[in-house]
Every structure is written in structure tokens, then in C-alpha cells.
Amino acid sequence: MAKSTDGDDTVADRVLRSSASEVRSVAEIKDILGWSRYQWRLFAITGLCIMAESIEVSLLSFLTSEGKREWGLSSAMANNIAGAVFVGEIVGCVAFGLFADWRGRKPAFALGIVIVTAFALASCFSRNVYELIFARFGVGVGIGGVCGPYD
């Protein structure tokens with residue numbers, strides 16, 4: 001097994017040395033592997049992105065009711081706003097899964113964040129229901145990219 005340059009065991013050494021039949025808790029594994037500034041930063045970024053995704057999905061009930069009121073939409077047309085997000089998530093999961101295989105998870109995750117942000121802002125400036133449905137579809141694609149291929 002490879003040793004680090006200062007003579008200490010590497011992380012791989014510590015993990016491999018533990019018995020395969022030994023059951024460990026998540027806290028014990030975290031202690032073995034360590035928890036650095038990188039893990040805290042990754043935890044914070046991922047947590048914020050998942051919170052943003054849940055806010056986007058929670059926003060659907062508000063958009064549906066306000067779309068009915070503002071534009072006088074039928075229930076079926078208002079539900080297309082929510083449906084566009086979920087269809088976009090399916091497309092995003094497939095597309096970003098392939099993209100992540102090709103370019104890696106980090107670029108796919110970053111691109112998903114950019115797409116969610118851009119289309120969420122476009123939703124704010126929608127002048128009619130069709131623009132809103134298109135923008136919400138784009139948000140769904142981005143959500144599929146942020147969460148789908150990694151869940």
C-alpha cells in the first residue's frame with residue numbers, strides 16, 4: 001500500500017485496514033476519512049442548491065393559482081405550468097446524466113445551476129402564459145441536472 005510522503009498512513013490505508021465485516025456508523029467513517037474545509041464547502045453548496053430546487057417546486061402552486069387569476073386561465077391550462085417543470089425534469093435527468101458521463105459531474109452540476117438561475121429569472125419576466133410555460137420547462141431541465149443524475 002502507498003504511504004504518504006511524511007510517513008503517515010493515507011486515507012486508503014486507514015479504510016482498507018478496517019475489517020470488512022466490521023459495521024461502522026456514518027460518524028465513524030467520517031472520523032476515519034476526515035472532514036476538511038472542502039467537504040464543508042461542498043456540503044453548503046449542495047445544500048443551498050437542493051433548497052433552491054425545493055423552493056422552485058413549492059412555487060408551482062403559487063404560479064398555478066396566480067396564473068389563473070392574472071391571465072384568466074382554465075384549470076387545465078394553469079396545470080400546464082406545473083406539468084412543464086416535471087417534463088423538463090425528465091428531459092434534464094436524461095440529458096444531464098449523459099452530459100455528466102461525458103464531461104464529469106462538476107461541470108454538469110454547475111451547468112444545471114446556471115440553467116435553473118437563468119430560466120427562473122426568465123419566469124419573472126414572462127409576458128404571457130406560453131413564455132411562462134417555456135421558462136418553467138427550462139427550470140425543470142436545470143433541476144433535473146442539479147439533482148437527478150446524482151440522487
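Observations, loosely collected:
- FRET efficiency estimate (nearest 0.05) - Cβ-Cβ, residue 121 to residue 79, R0 35 angstrom: 0.90
- Accessible area of segment 96-136 divided out per residue, in Å², using a probe of 1.4 angstrom: 67
- In terms of its alpha-carbon gyration tensor, segment 84-151 comes out prolate; a/c meets the 1.5 threshold, and the first ratio a/b outweighs b/c.
- Cα gyration tensor, segment 17-151 - rounded (a/c under 1.5), prolate or oblate: prolate
- Sulfur and carbon atoms: percent of accessible area, segment 78-151 [1.4 Å]: 69
- Rounded, prolate or oblate (a/c below 1.5 giving rounded, otherwise prolate when a/b exceeds b/c) for segment 70-121 by Cα gyration tensor: oblate
- Per-residue HN-Hα couplings for segment 100-116 [Karplus 6.51, -1.76, 1.60; θ = phi - 60°; Hz; x = Gly/Pro]: 5, 5, 7, 10, x, 6, 4, x, 5, 4, 5, 5, x, 5, 4, 5, 4
The values are calculated or read from the model by the stated rules, or taken from the named source; none is laboratory data. Note that the coordinates shown come from a computational prediction; the quantities given were computed from them, not determined experimentally. FYI the Cβ positions are ideal-geometry reconstructions off the backbone, even for glycines, and counts take in every protein chain you see. When the accessible area is computed, the model is the full protein with side chains, heavy atoms only, and any ligands, DNA or RNA have been set aside. Shrake-Rupley method; radii C 1.70, N 1.55, O 1.52, S 1.80 Å.
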